[in-house]
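**Q** Structure below; questions to follow.
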Amino acid sequence: MSLTYIHSAEMRRKVYIETYGCQMNISDTERICTILAEAGYEICDNPSDADAVLINTCAVREHAEQRVRGRLDTFGAVKRHRPGVVIGVLGCMAEFHERAFLERHGMVDIVCGPDEYRSLPCMMESAFEGRRCACTGLSIGETYDDIQPMHSGGVRAWVTVMRGCDNFCAYCVVPFTRGRERSRPLKSVVGEVERLATMGIREVTLLGQNVNSYRDGTHDFADLLRAVASIDRRLRVRFMTSHPKDFSDRVIAAIASVPNICNAVHLPLQSGSDRILLAMNRGYTSAEYRDRVSAAREAVPDLALTTDIMVGFPTETEDDHRRTVELMEEIVFDAAFTFRYSPRPKTRAWGMTDDVPDDVKTRRLEEVINLQRSHSARCNRAHIGRELEVLVEGPSKRSPADWVGRTETDKMVVFPHGDVARGDYVKVKILAATSATLRGVVVRNVTHPASVQESAVV
Ligand code: SF4
(Lines give C-alpha, C1' and ligand atoms only; values in the text may rest on other atoms or scores of the structure.)
Protein backbone atom coordinates (compact mmCIF):
# COMPACT_ATOMS: atom_id res chain seq x y z
CA MET A 1 0.00 0.00 0.00
CA SER A 2 1.34 3.41 -0.93
CA LEU A 3 1.70 5.84 1.98
CA THR A 4 0.74 8.92 0.01
CA TYR A 5 -1.52 11.58 1.46
CA ILE A 6 -2.91 14.26 -0.82
CA HIS A 7 -3.71 17.59 0.80
CA SER A 8 -5.46 20.29 -1.18
CA ALA A 9 -3.34 23.42 -1.83
CA GLU A 10 -4.95 25.40 0.99
CA MET A 11 -4.45 22.51 3.43
CA ARG A 12 -0.72 22.11 2.79
CA ARG A 13 1.03 21.94 6.13
CA LYS A 14 4.51 23.38 6.44
CA VAL A 15 7.50 21.39 7.74
CA TYR A 16 10.80 22.82 8.89
CA ILE A 17 13.75 20.39 9.08
CA GLU A 18 16.99 21.07 10.93
CA THR A 19 19.92 18.72 10.29
CA TYR A 20 22.88 17.87 12.54
CA GLY A 21 25.86 15.56 12.12
CA CYS A 22 27.50 14.08 9.08
CA GLN A 23 26.91 14.38 5.32
CA MET A 24 24.87 11.16 5.48
CA ASN A 25 22.30 13.06 7.54
CA ILE A 26 22.26 15.92 5.03
CA SER A 27 21.70 13.39 2.26
CA ASP A 28 18.95 11.67 4.31
CA THR A 29 17.21 15.01 4.87
CA GLU A 30 17.04 15.50 1.09
CA ARG A 31 15.20 12.18 0.80
CA ILE A 32 12.95 12.99 3.78
CA CYS A 33 11.98 16.23 1.99
CA THR A 34 10.93 14.21 -1.06
CA ILE A 35 8.92 11.75 1.06
CA LEU A 36 7.09 14.60 2.80
CA ALA A 37 6.57 16.68 -0.35
CA GLU A 38 5.02 13.67 -2.10
CA ALA A 39 2.71 13.31 0.90
CA GLY A 40 1.53 16.90 0.42
CA TYR A 41 3.69 18.80 2.90
CA GLU A 42 5.49 22.02 2.05
CA ILE A 43 9.13 22.30 3.18
CA CYS A 44 9.82 25.74 4.70
CA ASP A 45 12.93 27.61 5.86
CA ASN A 46 11.63 29.20 9.04
CA PRO A 47 10.53 27.30 12.16
CA SER A 48 8.13 30.08 13.14
CA ASP A 49 6.12 29.41 9.91
CA ALA A 50 6.06 25.65 10.45
CA ASP A 51 3.25 23.32 11.50
CA ALA A 52 5.89 20.67 12.20
CA VAL A 53 9.53 20.96 13.24
CA LEU A 54 11.74 17.92 12.61
CA ILE A 55 15.32 17.57 13.86
CA ASN A 56 17.54 15.07 12.04
CA THR A 57 20.04 14.16 14.73
CA CYS A 58 23.50 12.73 15.37
CA ALA A 59 24.36 10.42 18.31
CA VAL A 60 28.02 9.91 17.64
CA ARG A 61 29.13 11.97 20.67
CA GLU A 62 27.45 13.17 23.84
CA HIS A 63 28.19 16.76 22.78
CA ALA A 64 26.15 16.30 19.57
CA GLU A 65 23.21 15.09 21.67
CA GLN A 66 23.49 18.09 24.01
CA ARG A 67 23.16 20.48 21.07
CA VAL A 68 19.97 18.74 19.95
CA ARG A 69 18.55 18.83 23.49
CA GLY A 70 19.24 22.58 23.52
CA ARG A 71 17.28 22.99 20.27
CA LEU A 72 14.45 20.88 21.69
CA ASP A 73 14.22 23.28 24.65
CA THR A 74 13.89 26.17 22.16
CA PHE A 75 11.22 24.40 20.09
CA GLY A 76 9.47 23.30 23.30
CA ALA A 77 9.09 27.00 24.19
CA VAL A 78 7.56 27.60 20.72
CA LYS A 79 5.16 24.75 21.35
CA ARG A 80 3.97 26.29 24.61
CA HIS A 81 2.71 29.28 22.56
CA ARG A 82 1.48 27.14 19.63
CA PRO A 83 0.44 23.77 21.12
CA GLY A 84 -0.58 22.38 17.70
CA VAL A 85 3.00 22.35 16.42
CA VAL A 86 4.33 18.81 15.94
CA ILE A 87 7.92 18.18 17.02
CA GLY A 88 9.82 15.18 15.67
CA VAL A 89 13.24 13.73 16.41
CA LEU A 90 14.71 11.76 13.49
CA GLY A 91 17.93 9.91 12.76
CA CYS A 92 20.59 8.47 15.02
CA MET A 93 19.42 9.90 18.39
CA ALA A 94 15.93 8.60 17.66
CA GLU A 95 17.30 5.14 16.94
CA PHE A 96 19.63 5.25 19.93
CA HIS A 97 17.02 6.16 22.55
CA GLU A 98 13.93 4.68 20.83
CA ARG A 99 10.61 5.04 22.71
CA ALA A 100 12.38 6.27 25.86
CA PHE A 101 12.79 9.59 24.06
CA LEU A 102 9.03 10.13 24.13
CA GLU A 103 8.94 9.39 27.85
CA ARG A 104 11.83 11.75 28.67
CA HIS A 105 10.81 14.63 26.40
CA GLY A 106 7.14 15.52 26.75
CA MET A 107 7.22 18.05 23.89
CA VAL A 108 8.34 15.43 21.32
CA ASP A 109 5.55 13.83 19.24
CA ILE A 110 7.54 11.74 16.75
CA VAL A 111 10.64 9.55 17.15
CA CYS A 112 11.74 8.12 13.80
CA GLY A 113 14.92 6.10 13.16
CA PRO A 114 17.01 6.24 9.95
CA ASP A 115 15.37 3.18 8.35
CA GLU A 116 11.78 4.32 9.01
CA TYR A 117 11.55 7.53 6.98
CA ARG A 118 8.93 6.02 4.66
CA SER A 119 6.63 5.87 7.71
CA LEU A 120 6.99 9.60 8.39
CA PRO A 121 3.82 10.75 6.55
CA CYS A 122 1.80 8.23 8.52
CA MET A 123 3.48 9.29 11.79
CA MET A 124 2.85 12.96 11.00
CA GLU A 125 -0.85 12.31 10.43
CA SER A 126 -1.04 10.54 13.80
CA ALA A 127 0.86 13.33 15.56
CA PHE A 128 -1.44 16.03 14.13
CA GLU A 129 -4.33 14.00 15.54
CA GLY A 130 -2.63 14.04 18.98
CA ARG A 131 -1.11 10.55 18.99
CA ARG A 132 2.60 10.48 19.78
CA CYS A 133 4.54 7.70 18.08
CA ALA A 134 7.96 6.04 17.68
CA CYS A 135 9.23 3.94 14.74
CA THR A 136 12.79 2.72 15.18
CA GLY A 137 13.07 -0.61 13.37
CA LEU A 138 16.38 -1.27 11.61
CA SER A 139 16.27 -2.86 8.20
CA ILE A 140 18.72 -5.16 6.43
CA GLY A 141 17.62 -3.94 2.99
CA GLU A 142 16.37 -0.34 3.12
CA THR A 143 18.45 2.01 0.91
CA TYR A 144 15.70 4.49 -0.19
CA ASP A 145 16.95 3.66 -3.64
CA ASP A 146 13.72 4.62 -5.41
CA ILE A 147 13.40 8.03 -3.72
CA GLN A 148 14.99 10.91 -5.63
CA PRO A 149 16.45 13.36 -3.10
CA MET A 150 15.25 16.96 -3.12
CA HIS A 151 18.55 18.63 -3.99
CA SER A 152 19.11 21.78 -1.98
CA GLY A 153 20.90 23.84 -4.65
CA GLY A 154 24.54 24.74 -5.33
CA VAL A 155 27.04 23.04 -7.59
CA ARG A 156 27.85 20.13 -5.27
CA ALA A 157 25.70 17.16 -4.30
CA TRP A 158 25.98 14.18 -1.93
CA VAL A 159 24.85 10.76 -3.08
CA THR A 160 24.44 7.98 -0.54
CA VAL A 161 25.60 4.71 -2.12
CA MET A 162 25.50 2.43 0.91
CA ARG A 163 24.10 2.54 4.44
CA GLY A 164 25.07 1.04 7.78
CA CYS A 165 28.32 -0.46 8.99
CA ASP A 166 29.47 -3.97 9.99
CA ASN A 167 32.78 -2.95 11.54
CA PHE A 168 31.77 -2.39 15.17
CA CYS A 169 34.69 -0.17 16.12
CA ALA A 170 34.72 -0.26 19.92
CA TYR A 171 33.78 3.41 20.41
CA CYS A 172 31.21 3.83 17.64
CA VAL A 173 27.41 3.84 17.81
CA VAL A 174 26.85 3.71 14.04
CA PRO A 175 26.24 -0.06 13.76
CA PHE A 176 23.55 0.38 16.47
CA THR A 177 21.95 3.52 15.02
CA ARG A 178 22.21 2.77 11.30
CA GLY A 179 22.30 -1.03 11.26
CA ARG A 180 24.09 -3.44 8.94
CA GLU A 181 25.83 -2.58 5.69
CA ARG A 182 23.80 -2.59 2.49
CA SER A 183 24.57 -1.11 -0.92
CA ARG A 184 22.44 0.39 -3.68
CA PRO A 185 22.68 -1.17 -7.16
CA LEU A 186 25.31 0.53 -9.34
CA LYS A 187 22.73 1.25 -12.02
CA SER A 188 20.55 3.19 -9.64
CA VAL A 189 23.45 5.33 -8.32
CA VAL A 190 24.47 6.08 -11.91
CA GLY A 191 20.87 7.10 -12.71
CA GLU A 192 20.81 9.52 -9.77
CA VAL A 193 24.13 11.10 -10.76
CA GLU A 194 23.01 11.42 -14.41
CA ARG A 195 19.99 13.37 -13.20
CA LEU A 196 22.19 15.60 -11.01
CA ALA A 197 24.55 16.26 -13.94
CA THR A 198 21.65 17.44 -16.11
CA MET A 199 20.63 19.79 -13.27
CA GLY A 200 24.03 21.52 -13.47
CA ILE A 201 25.74 19.76 -10.57
CA ARG A 202 29.51 19.89 -11.08
CA GLU A 203 30.70 17.74 -8.18
CA VAL A 204 29.28 14.65 -6.48
CA THR A 205 30.48 12.99 -3.29
CA LEU A 206 29.61 9.30 -3.01
CA LEU A 207 28.72 8.66 0.62
CA GLY A 208 28.77 5.63 2.85
CA GLN A 209 29.70 5.02 6.46
CA ASN A 210 32.32 2.65 5.08
CA VAL A 211 32.19 3.47 1.40
CA ASN A 212 35.06 1.25 0.23
CA SER A 213 33.15 -1.88 1.25
CA TYR A 214 30.41 -1.02 -1.29
CA ARG A 215 29.24 -4.24 -3.02
CA ASP A 216 26.02 -4.56 -5.01
CA GLY A 217 26.47 -8.28 -5.65
CA THR A 218 28.29 -7.73 -8.95
CA HIS A 219 30.31 -4.54 -8.62
CA ASP A 220 32.75 -3.21 -6.05
CA PHE A 221 33.51 0.39 -5.15
CA ALA A 222 36.20 0.80 -7.84
CA ASP A 223 33.61 -0.23 -10.47
CA LEU A 224 31.15 2.27 -9.04
CA LEU A 225 33.69 5.10 -9.04
CA ARG A 226 34.60 4.46 -12.67
CA ALA A 227 30.97 4.18 -13.74
CA VAL A 228 29.97 7.44 -12.05
CA ALA A 229 33.04 9.28 -13.36
CA SER A 230 32.27 8.20 -16.93
CA ILE A 231 28.84 9.92 -16.89
CA ASP A 232 30.36 13.33 -17.60
CA ARG A 233 34.09 14.01 -17.51
CA ARG A 234 33.38 17.59 -16.38
CA LEU A 235 31.83 16.21 -13.19
CA ARG A 236 34.20 15.90 -10.24
CA VAL A 237 33.75 12.72 -8.22
CA ARG A 238 34.69 12.42 -4.54
CA PHE A 239 33.89 9.81 -1.90
CA MET A 240 33.83 9.40 1.87
CA THR A 241 34.40 7.80 4.29
CA SER A 242 37.13 5.26 3.49
CA HIS A 243 38.24 2.60 5.91
CA PRO A 244 41.99 1.79 5.76
CA LYS A 245 41.38 -1.97 5.73
CA ASP A 246 39.09 -1.70 2.68
CA PHE A 247 41.00 1.00 0.76
CA SER A 248 42.04 -1.31 -2.07
CA ASP A 249 44.61 -1.08 -4.85
CA ARG A 250 41.67 -1.12 -7.30
CA VAL A 251 40.27 2.07 -5.75
CA ILE A 252 43.74 3.68 -5.79
CA ALA A 253 44.14 2.70 -9.47
CA ALA A 254 40.77 4.29 -10.29
CA ILE A 255 41.82 7.57 -8.63
CA ALA A 256 45.17 7.49 -10.44
CA SER A 257 43.81 6.72 -13.91
CA VAL A 258 40.50 8.59 -14.13
CA PRO A 259 41.04 12.37 -14.37
CA ASN A 260 37.74 13.46 -12.83
CA ILE A 261 37.99 11.21 -9.74
CA CYS A 262 39.45 13.75 -7.33
CA ASN A 263 42.91 13.32 -5.89
CA ALA A 264 41.67 13.59 -2.32
CA VAL A 265 41.10 10.83 0.22
CA HIS A 266 39.79 10.95 3.77
CA LEU A 267 41.37 7.98 5.55
CA PRO A 268 40.67 7.90 9.31
CA LEU A 269 43.73 6.86 11.32
CA GLN A 270 42.32 7.31 14.87
CA SER A 271 45.55 6.26 16.64
CA GLY A 272 49.19 5.58 15.83
CA SER A 273 49.45 2.92 18.54
CA ASP A 274 48.89 -0.69 17.49
CA ARG A 275 47.73 -1.57 21.00
CA ILE A 276 45.04 1.13 20.90
CA LEU A 277 44.05 0.29 17.30
CA LEU A 278 43.49 -3.30 18.46
CA ALA A 279 41.47 -2.15 21.49
CA MET A 280 39.43 0.05 19.15
CA ASN A 281 38.78 -2.98 16.89
CA ARG A 282 39.92 -0.95 13.88
CA GLY A 283 41.16 -3.97 11.91
CA TYR A 284 44.57 -2.59 10.86
CA THR A 285 47.97 -1.83 12.35
CA SER A 286 49.97 1.38 11.99
CA ALA A 287 52.23 -0.45 9.47
CA GLU A 288 49.20 -1.43 7.37
CA TYR A 289 47.94 2.15 7.49
CA ARG A 290 51.38 3.38 6.35
CA ASP A 291 51.31 0.86 3.52
CA ARG A 292 47.96 2.21 2.22
CA VAL A 293 49.26 5.79 2.37
CA SER A 294 52.47 4.84 0.52
CA ALA A 295 50.53 2.95 -2.17
CA ALA A 296 48.16 5.89 -2.67
CA ARG A 297 50.91 8.52 -2.73
CA GLU A 298 53.02 6.47 -5.13
CA ALA A 299 50.11 6.13 -7.57
CA VAL A 300 48.77 9.67 -7.07
CA PRO A 301 51.70 11.98 -6.22
CA ASP A 302 49.61 15.12 -5.61
CA LEU A 303 47.07 13.29 -3.42
CA ALA A 304 45.56 15.33 -0.57
CA LEU A 305 45.17 13.13 2.47
CA THR A 306 42.92 13.96 5.43
CA THR A 307 42.18 11.92 8.53
CA ASP A 308 40.40 11.54 11.89
CA ILE A 309 42.39 11.35 15.14
CA MET A 310 40.89 10.36 18.49
CA VAL A 311 42.73 11.00 21.76
CA GLY A 312 42.06 9.56 25.21
CA PHE A 313 40.61 6.16 24.27
CA PRO A 314 40.52 3.97 27.45
CA THR A 315 43.99 2.83 28.58
CA GLU A 316 45.78 5.26 26.20
CA THR A 317 49.21 5.96 27.76
CA GLU A 318 51.70 8.75 27.03
CA ASP A 319 53.61 6.25 24.91
CA ASP A 320 50.48 5.44 22.83
CA HIS A 321 49.85 9.15 22.37
CA ARG A 322 53.47 9.73 21.33
CA ARG A 323 53.07 7.06 18.62
CA THR A 324 50.05 8.95 17.24
CA VAL A 325 52.01 12.22 17.18
CA GLU A 326 54.99 10.50 15.53
CA LEU A 327 52.84 8.96 12.83
CA MET A 328 51.23 12.35 12.16
CA GLU A 329 54.74 13.85 11.86
CA GLU A 330 55.74 11.11 9.45
CA ILE A 331 52.67 11.20 7.19
CA VAL A 332 51.81 14.95 7.34
CA PHE A 333 48.06 15.11 6.66
CA ASP A 334 46.50 17.99 4.74
CA ALA A 335 43.80 18.27 7.41
CA ALA A 336 42.40 16.27 10.31
CA PHE A 337 39.23 16.08 12.35
CA THR A 338 40.38 15.66 15.92
CA PHE A 339 38.27 14.34 18.80
CA ARG A 340 38.52 13.38 22.42
CA TYR A 341 37.06 10.00 23.29
CA SER A 342 33.52 10.19 24.61
CA PRO A 343 31.97 6.99 26.04
CA ARG A 344 28.74 5.94 24.33
CA PRO A 345 26.27 3.38 25.68
CA LYS A 346 25.82 0.11 23.74
CA THR A 347 29.38 0.20 22.34
CA ARG A 348 32.08 -2.25 23.38
CA ALA A 349 34.16 0.55 24.93
CA TRP A 350 31.21 1.46 27.20
CA GLY A 351 32.22 -1.55 29.29
CA MET A 352 35.79 -0.21 29.65
CA THR A 353 36.82 2.28 32.32
CA ASP A 354 37.11 5.78 30.85
CA ASP A 355 40.43 6.09 32.64
CA VAL A 356 42.22 8.93 30.83
CA PRO A 357 41.63 12.02 32.98
CA ASP A 358 39.89 14.98 31.36
CA ASP A 359 42.87 17.31 31.70
CA VAL A 360 45.11 14.72 30.00
CA LYS A 361 42.62 14.31 27.13
CA THR A 362 42.51 18.09 26.76
CA ARG A 363 46.30 18.40 26.66
CA ARG A 364 46.66 15.56 24.12
CA LEU A 365 43.91 17.04 21.97
CA GLU A 366 45.58 20.46 22.00
CA GLU A 367 48.84 18.87 20.99
CA VAL A 368 47.38 17.10 17.95
CA ILE A 369 45.35 20.19 16.97
CA ASN A 370 48.44 22.44 17.09
CA LEU A 371 50.52 19.92 15.19
CA GLN A 372 47.83 19.52 12.55
CA ARG A 373 47.47 23.30 12.19
CA SER A 374 51.15 23.60 11.42
CA HIS A 375 50.97 20.70 8.93
CA SER A 376 47.86 22.14 7.20
CA ALA A 377 49.56 25.54 6.91
CA ARG A 378 52.68 23.88 5.51
CA CYS A 379 50.67 21.86 2.93
CA ASN A 380 48.69 24.94 1.91
CA ARG A 381 51.72 27.24 1.67
CA ALA A 382 53.28 24.79 -0.79
CA HIS A 383 50.64 25.95 -3.28
CA ILE A 384 51.67 29.62 -3.22
CA GLY A 385 52.71 30.71 -6.72
CA ARG A 386 50.90 27.79 -8.43
CA GLU A 387 47.87 28.09 -10.69
CA LEU A 388 45.16 25.70 -9.48
CA GLU A 389 41.92 24.69 -11.13
CA VAL A 390 39.01 25.80 -8.95
CA LEU A 391 35.32 24.97 -9.20
CA VAL A 392 33.46 28.20 -8.41
CA GLU A 393 30.82 27.72 -5.68
CA GLY A 394 29.57 31.29 -5.09
CA PRO A 395 29.97 34.36 -2.89
CA SER A 396 31.96 34.12 0.32
CA LYS A 397 29.86 34.25 3.50
CA ARG A 398 32.47 36.49 5.13
CA SER A 399 32.95 39.12 2.42
CA PRO A 400 30.53 39.83 -0.43
CA ALA A 401 33.43 41.13 -2.58
CA ASP A 402 35.01 37.66 -2.54
CA TRP A 403 33.94 34.40 -4.08
CA VAL A 404 34.92 30.90 -3.02
CA GLY A 405 35.57 27.62 -4.75
CA ARG A 406 37.42 24.37 -4.24
CA THR A 407 40.41 22.68 -5.81
CA GLU A 408 40.35 19.07 -6.88
CA THR A 409 42.20 18.35 -3.61
CA ASP A 410 39.27 19.90 -1.68
CA LYS A 411 41.09 23.05 -0.59
CA MET A 412 38.91 26.12 -0.14
CA VAL A 413 40.11 29.04 -2.31
CA VAL A 414 38.99 32.66 -1.86
CA PHE A 415 39.37 35.14 -4.74
CA PRO A 416 37.99 38.57 -5.70
CA HIS A 417 34.79 38.25 -7.70
CA GLY A 418 35.46 38.92 -11.36
CA ASP A 419 33.83 37.67 -14.52
CA VAL A 420 32.98 34.21 -13.17
CA ALA A 421 29.77 32.33 -12.50
CA ARG A 422 28.79 29.56 -10.11
CA GLY A 423 29.80 26.21 -11.65
CA ASP A 424 32.67 27.63 -13.76
CA TYR A 425 36.09 26.06 -13.65
CA VAL A 426 38.73 28.79 -13.32
CA LYS A 427 42.49 28.89 -12.90
CA VAL A 428 43.41 30.76 -9.74
CA LYS A 429 46.96 31.88 -9.03
CA ILE A 430 47.56 31.29 -5.31
CA LEU A 431 49.08 34.31 -3.55
CA ALA A 432 48.64 33.47 0.14
CA ALA A 433 47.66 30.58 2.40
CA THR A 434 46.60 29.87 5.96
CA SER A 435 46.00 26.49 7.60
CA ALA A 436 42.34 26.68 6.47
CA THR A 437 42.24 28.53 3.13
CA LEU A 438 44.09 29.55 0.01
CA ARG A 439 43.73 33.06 -1.42
CA GLY A 440 44.44 34.10 -5.00
CA VAL A 441 43.33 35.79 -8.20
CA VAL A 442 41.54 34.32 -11.21
CA VAL A 443 43.91 34.20 -14.15
CA ARG A 444 41.52 32.63 -16.65
CA ASN A 445 38.43 30.53 -17.18
CA VAL A 446 39.22 27.00 -18.23
CA THR A 447 37.59 24.30 -20.22
CA HIS A 448 37.83 21.23 -18.06
CA PRO A 449 40.75 19.20 -19.44
CA ALA A 450 38.75 16.01 -19.50
CA SER A 451 35.99 17.65 -21.56
CA VAL A 452 38.62 18.68 -24.15
CA GLN A 453 39.72 15.06 -24.38
CA GLU A 454 36.12 13.97 -24.84
CA SER A 455 35.29 16.48 -27.54
CA ALA A 456 38.49 15.49 -29.35
CA VAL A 457 37.21 11.90 -29.38
CA VAL A 458 33.80 13.02 -30.67
S1 SF4 B 1 33.96 2.00 10.42
FE2 SF4 B 1 33.98 2.08 12.68
S3 SF4 B 1 33.94 4.30 13.12
FE4 SF4 B 1 33.27 4.05 11.00
S5 SF4 B 1 31.01 3.93 11.10
FE6 SF4 B 1 31.80 1.82 11.13
S7 SF4 B 1 31.95 1.30 13.32
FE8 SF4 B 1 31.80 3.56 13.19
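**Q** Looking at the range 25-71 only, could you name the residues that are outside any strand (DSSP E or B), hydroxyl-bearing (Ser, Thr, Tyr) and in contact with a Phe, Trp or Tyr (Cβ under 6 Å, 6 or more places away or on another chain)?
**A** 27
**Q** Any idea how many residues of the range 265-299 are away from the ligand (no atom under 14 Å from the Cβ) and either in contact (Cβ under 8 Å) with a residue 60 or more places away in the chain or among the small types (Gly, Ala, Ser) (or both)?
**A** 8
**Q** I would also like to ask the following. Could you check residue 304 against (1) within 26 Å of residue 64 (Cβ to Cβ); (2) crowded, with 18+ Cβ neighbours inside 10 Å and say which number it fails?
**A** (1)
**Q** Of everything in the range 384-401, what is modelled with pLDDT of 95 or more and surrounded by fewer than 19 Cβ atoms within 10 Å (Cβ to Cβ)? Give them in sequence order.
**A** The answer is 384, 385, 386, 387, 389.
**Q** Which one of 356, 360, 368 is within 27 Å of the chain's Cα centre (by Cα), modelled with pLDDT of 95 or more and not assigned by TED's automatic domain parsing to the domain that holds residue 59?
**A** 368 is the lone residue from the list that is within 27 Å of the chain's Cα centre (by Cα), modelled with pLDDT of 95 or more and not assigned by TED's automatic domain parsing to the domain that holds residue 59.
**Q** Out of the range 161-175, which residues are in contact (Cβ under 8 Å) with a residue 60 or more places away in the chain, hydrophobic (A, V, I, L, M, F, W, C) and near the ligand (Cβ under 8 Å from one of its atoms)?
**A** 168, 169, 172, 173, 174
**Q** Would you check which residues across the range 307-322 are under 26 Å from residue 264 (Cβ atoms) and buried (at least 20 other Cβ atoms within 10 Å of the Cβ) and list them?
**A** Those that are under 26 Å from residue 264 (Cβ atoms) and buried (at least 20 other Cβ atoms within 10 Å of the Cβ): 307, 309, 310, 311.
**Q** Filter the range 392-418 down to the residues that are over 19 Å from residue 302 (Cβ atoms) and in contact (Cβ under 8 Å) with a residue 24 or more places away in the chain and list them by number.
**A** Of everything in the range 392-418, those that are over 19 Å from residue 302 (Cβ atoms) and in contact (Cβ under 8 Å) with a residue 24 or more places away in the chain turn out to be 392, 393, 394, 414, 415, 416, 418.
**Q** Also, quick follow-up: Hey, among 366, 389, which residue is in a strand (DSSP E or B) and of a type in the set (Asp, Glu)?
**A** 389
**Q** Anything in the range 226-264 that is within 16 Å of the ligand (Cβ to nearest atom) and under 13 Å from residue 307 (Cα atoms)? List them, or say none.
**A** 240, 241, 242, 243, 244
**Q** Checking residue 158 against (1) touching a strand residue (DSSP E or B) at 6+ places or on another chain (Cβ under 6 Å); (2) in contact (Cβ under 8 Å) with a residue 60 or more places away in the chain; (3) farther than 30 Å from residue 395 by Cβ: exactly one of these is not met. Which one?
**A** (3)
**Q** Select from the range 176-221 the residues that are over 30 Å from residue 423 (Cβ atoms), of a type in the set (D, E, K, R) and away from the ligand (no atom under 16 Å from the Cβ) and list them in ascending order.
**A** 216, 220
**Q** Further, regarding this structure: Taking the range 32-66, which residues are surrounded by fewer than 20 Cβ atoms within 10 Å (Cβ to Cβ), of a type outside the set (A, V, I, L, M, F, W, C) and at pLDDT 95 or above?
**A** Once the filter is applied, which keeps residues that are surrounded by fewer than 20 Cβ atoms within 10 Å (Cβ to Cβ), of a type outside the set (A, V, I, L, M, F, W, C) and at pLDDT 95 or above, the range 32-66 yields 34, 38, 40, 42, 51.
**Q** Quick one: residue 217 ticks every box in (1) under 17 Å from residue 164 (Cα atoms); (2) within 19 Å of the chain's Cα centre (by Cα) bar one, so which box is it?
**A** Evaluating residue 217 over (1) under 17 Å from residue 164 (Cα atoms); (2) within 19 Å of the chain's Cα centre (by Cα) leaves (2) as the failure.
**Q** Could you list, in sequence order, all residues of the range 406-449 that are surrounded by fewer than 19 Cβ atoms within 10 Å (Cβ to Cβ), part of a strand (DSSP E or B) and out of contact with any Leu (no Cβ under 9 Å at 6 or more places or on another chain)?
**A** Passing the criteria: 416, 437, 443, 444, 445.
**Q** Going residue by residue through the range 72-90, is there one that turns out to be within 30 Å of residue 195 (Cβ to Cβ) and crowded, with 20+ Cβ neighbours inside 10 Å?
**A** yes
**Q** OK, next. Take the conditions away from the ligand (no atom under 16 Å from the Cβ) and assigned to a strand (DSSP E or B) and apply them to residue 111. Does it pass?
**A** Taking the combined requirement at face value, the residue satisfies it.
**Q** Could you say whether any residue in the range 229-236 is buried (at least 18 other Cβ atoms within 10 Å of the Cβ), more than 23 Å from the chain's Cα centre (by Cα) and among the small types (Gly, Ala, Ser)?
**A** Checked the range 229-236: no residue is buried (at least 18 other Cβ atoms within 10 Å of the Cβ), more than 23 Å from the chain's Cα centre (by Cα) and among the small types (Gly, Ala, Ser).
**Q** Okay, moving on. Can you report the number of residues in the range 116-138 which are closer than 11 Å to residue 94 by Cα and in contact with a strand residue (DSSP E or B) (Cβ under 8 Å, 6 or more places away or on another chain)?
**A** Selection size over the range 116-138: 4.
**Q** When you check residue 383 against the structure, is it assigned to a loop (DSSP other than H, G, I, E, B) and out of contact with any helix residue (DSSP H, G or I) (no Cβ under 6 Å at 6 or more places or on another chain), yes or no?
**A** Here the answer is yes, as residue 383 does meet what is asked.
The values are calculated or read from the model by the stated rules, or taken from the named source; none is laboratory data. Just so it is clear, the structure is predicted and the values come from calculations on it, not from any experiment. Because the Cβ atoms are built from the backbone with ideal geometry, glycine has one as well, and the counts that use them run over all protein chains shown.
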